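Have a look at the structure below, then the notes.
Each value in this text was obtained by applying a stated rule to the coordinates, not by laboratory testing. As the structure is a prediction and not an experimental result, all values here were calculated from the model. Note: ideal-geometry Cβ built from the backbone for every residue, glycine included; neighbour counts use all protein chains shown.
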């Protein structure tokens, strides 16, 4: 009972991290249909920049802001100079971003080396808090859930309740018509791309505080984002949340009860979902 | 007009001359391939490996047995199939004579099998330490000048039983051949003393979130033996600390390595005083060893606070190749038979003690039981508490009996 409860808690907190990473991905790939396979590199860039900011300022909130801002700037530059001109040309965008991710990985390895980095969390977030049944649970992992819920609500409000959100949704449905009524569509898409990149940079700092950051994490988070978005349904925010929960819980419960096979469990879920609902749990045909 | 023609001719002549020089140089230079991991979870180890080869080659001025050395590097990501592809590329396309590598346990098994299909080349292991690689059906042209993962744990089981007084231990270890090998090395002493390993939790390689594995550690364990690859162990240590768990830890060789101790993070405070064992220890109080550390620090100012174990592994391997080449004066004719005979008989005086080979071309070497300590400058290092001299692959037991017990696996050995 205690093990099941702990594994579920771990699964939910891991899902929170996966959701923050995948929310940026679902914005960029799911809503705007920009194929960005350098999403994992933006995660690494955010984490490393955040680490630099933390080393200089000693402040964790500043590190979060720095990671998000740095990743957003890099992301907007990528979109503005490289991806926007190939809008709708999936194969080119995929190849350009794969190339970018390889270059970024080598540059980061040269700059930061192969060792792992971690953040010094503020004292109030470090350690464990008392909890019924399980005894104690790491505070920061509870904070993760709060952060994920905040990101979800903020994104939902932005997309559903603001003028900017209306423009994003209109641009997804008919880019040319939106341009014809006088909206600067390239600017909007670059801003949305920047927002998605900011989210993943933010997730980079959060993720490397909860876990750690080292070369190779880029591919891992790209893969987890892909799986989450495919399972949840492209472009659907609630879908990404459900997908993240499924994958996080599967990984942790698998690790607790049958560790040898835990690694394939998330892919079994993906195959099952695709067989049953080819557009994902909450997705709709494009 | 004339001058332009002349210049053109001179250019062509220059190119041709340069070409012929490089062609003739190719035929006399010895080509050595280096295979390590600059992708995947073992990147920090891969960087150390290439630093080691560079330092060894520079000490020899890129010359051995009177011939120049061409060094070709290739990177794997720690997976056996990738290591195999890269080894084939080095041997078949780059035409290297000698291959030094690979890094990780599973990779070593794949390269050993590949070595059997390329009998005219010589393979010298880098840092991979799965036991089966040289214990079971070894390849005649595969040499390992480093101890294997079970040897690395010599002395540790006795030390934690006698000195620390642990009787019931839980194991959390990487689910791959090197993980099994290390656990076997630890258990063979610990279980022989009468200690119990009450639970073994195998976690897939590349796991980042260990919290559910930590939740499975039984309360009645006196201590937890942990062994994960590369960067993964940092995550484990942090999550273990944050979970509020109180049981003391015993560290597998990779966990006490400088690639972990040098990493930055709050997990560090958990490490001081924890026991481990390895084929090298940065606390060795010996003039030769200190000289080696000083050379490393001078050559790689942006490196670790002292050379890591993978650095040592690749350094010894490269030194062995150079020594072998010197003995045969660079003669690799006759499908390298003379060179291989020389390698088999080498006795190398290395910074952490003498290394020689057994009949399976597997190293016999010193092992150091250590405890993590904090140096005056604040960095962490492994303080030597005991030296076990000349540990062989069968851990001092008769070969037949040792082999008959079977290769290490999830369930072998067992003493619950």
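Taking 0.36 nm per residue of sequence separation and subtracting the Cα-Cα distance, how much length would be gained by fully extending the chain between residue B:412 and residue B:286, in nm to one decimal?
That works out to 41.6 nm of additional length.
Mean shadow of segment B:16-137, computed from the convex hull of its alpha carbons, in nm²? If you can, show how the numbers build up before the last one.
Values: hull surface 33.2 nm².
Average of the hull's projected areas for segment B:16-137 equals 8.3 nm².
Return the Rg/Rh ratio of segment A:86-153 with Cα-based radii and a Kirkwood Rh.
Reported Rg/Rh (Cα atoms, Kirkwood Rh): 1.22.
Give me the log10 of I(q) over I(0) for segment B:240-301 at q = 0.16, 0.18, 0.24 Å⁻¹, as the Debye formula computes it from C-alpha points; what are the numbers?
The computed values of log10 I(q)/I(0) come out as -0.66, -0.79, -1.14.
From Cα pairs below 8 angstrom and at least 6 apart in sequence, can you work out the relative contact order of segment B:307-349, rounded to a whole percent?
Values: 22 pairs, mean separation 15.5, N = 43.
With pairs under 8 Å counted, the relative contact order is 36 percent.
Multiplying the sequence separation of residue A:89 and residue A:124 by 0.36 nm and subtracting their Cα-Cα distance, what value in nm do you get?
7.8 nm
How high is the relative contact order of chain B, in percent, with contacts defined as C-alpha pairs under 8 Å that are six or more residues apart?
18
If I stretch the segment between residue B:345 and residue B:377 completely, what's the gain in nm (0.36 nm per residue apart, minus their alpha carbon distance), one decimal?
On the way: separation 32, 0.36 × 32 = 11.52 nm, distance 4.16 nm.
Using 0.36 nm per residue and subtracting the Cα-Cα distance, I get 7.4 nm.
Springs between alpha-carbon atoms under 10 Å, Gaussian network over chain B: tell me which of B:92, B:54, B:107 tops the mean-square fluctuations.
B:92
Send over the per residue convex hull volume for chain B, Cα only, as a whole number of Å³.
159
Once the principal axes of the Cα atoms of chain A are found, what is the range along each, listed largest first in whole angstroms?
Principal axes ranked by extent give 61, 49, 35 Å for the Cα atoms.
Pairs of Cα atoms under 8 Å, at least six residues apart: use those to get the relative contact order of chain A, whole percent. Intermediate values should be presented prior to the final figure.
Details: 455 pairs, mean separation 104.0, N = 286.
Worked out over chain A, it gives 36 percent.
Determine the principal axes of the Cα atoms in segment A:158-210, then give the extent along each, sorted from largest to smallest and rounded to whole angstroms.
Principal-axis extents of segment A:158-210 (Cα, largest first): 46, 21, 14 Å.
Using the count of nearby Cβ atoms within 10 Å as a rough guide to exposure, how do B:75, B:211 rank from fewest to most?
B:75, B:211
Taking R0 as 25 Å, what's the FRET efficiency between residue B:326 and residue A:106 from their Cβ-Cβ distance, rounded to 0.05?
So the FRET efficiency works out to roughly 0.10.
Compute the angle between helix A:237-257 and the longest alpha-carbon principal axis of chain A, please, reported from 0 to 90 degrees and rounded to the nearest 10.
With rounding to tens, the tilt is 30 degrees.
Evaluate the Kirkwood expression for the hydrodynamic radius of segment A:236-275, namely the inverse of the mean inverse distance over all pairs of different C-alpha atoms, and round to one decimal in Å.
Hydrodynamic radius (Kirkwood, Cα only) of segment A:236-275 equals 10.4 Å.
Which residue fluctuates the most in chain B, going by a Gaussian network model with Cα springs under 10 Å, if the choices are B:132, B:48, B:400?
B:400
Percent of Cα-Cα pairs more than 19 Å apart in segment A:174-286, please.
Numbers: 3715 of 6328 pairs.
That tail contains 59 percent of the Cα-Cα pairs.
Give me the angle, in degrees from 0 to 90, between the Cα long axis of helix A:60-78 and the longest principal axis of the Cα atoms of chain A, rounded to the nearest 10.
Tilt of helix A:60-78: around 30 degrees.
Per residue, how much space in cubic angstrom lies within the convex hull of the C-alpha atoms of the protein assembly as shown? Please list the in-between numbers first.
On the way: hull volume 136.2 nm³, N = 702.
About 194 Å³ per residue, rounded to a whole number.
Mind sorting B:322, A:4, A:191, B:156 by how few other Cβ atoms lie within 10 Å of their own Cβ, fewest first?
Details: B:322 21, A:4 13, A:191 17, B:156 28.
Ranking B:322, A:4, A:191, B:156 by Cβ neighbours within 10 Å, fewest first, gives A:4, A:191, B:322, B:156.
Please determine, in degrees from 0 to 90 and to the nearest 10, the orientation of helix B:287-299 with respect to the longest principal axis defined by the Cα atoms of chain B, where the helix direction is its Cα long axis.
Once rounded, the angle reads 60 degrees.
Given segment B:269-374 reduced to its alpha-carbon atoms as identical point scatterers, what log10 I(q)/I(0) does the Debye formula return at q = 0.13 Å⁻¹?
Values returned for q = 0.13 Å⁻¹ are -0.59.
So how compact is segment B:192-328: Cα radius of gyration and Dmax in angstrom?
Considering segment B:192-328 through its Cα atoms, Rg and Dmax are 17.9, 59 Å.
If we restrict to alpha carbons, what Rg and Dmax does segment A:1-102 come to, in Å?
Calculated on Cα positions, Rg and Dmax stand at 16.6, 55 Å.
For a quick check, take a GNM of chain B with Cα springs below 10 Å and name the residue from B:286, B:81, B:148 with the largest mean-square fluctuation.
In this elastic network of chain B, the residue with the biggest mean-square fluctuation among B:286, B:81, B:148 is B:286.
For a quick check: sort A:270, B:103, A:131 by the number of other beta carbons within 10 angstrom, fewest at the front.
On the way: A:270 20, B:103 31, A:131 13.
Taking fewest neighbouring Cβ atoms as first place, the list is A:131, A:270, B:103.
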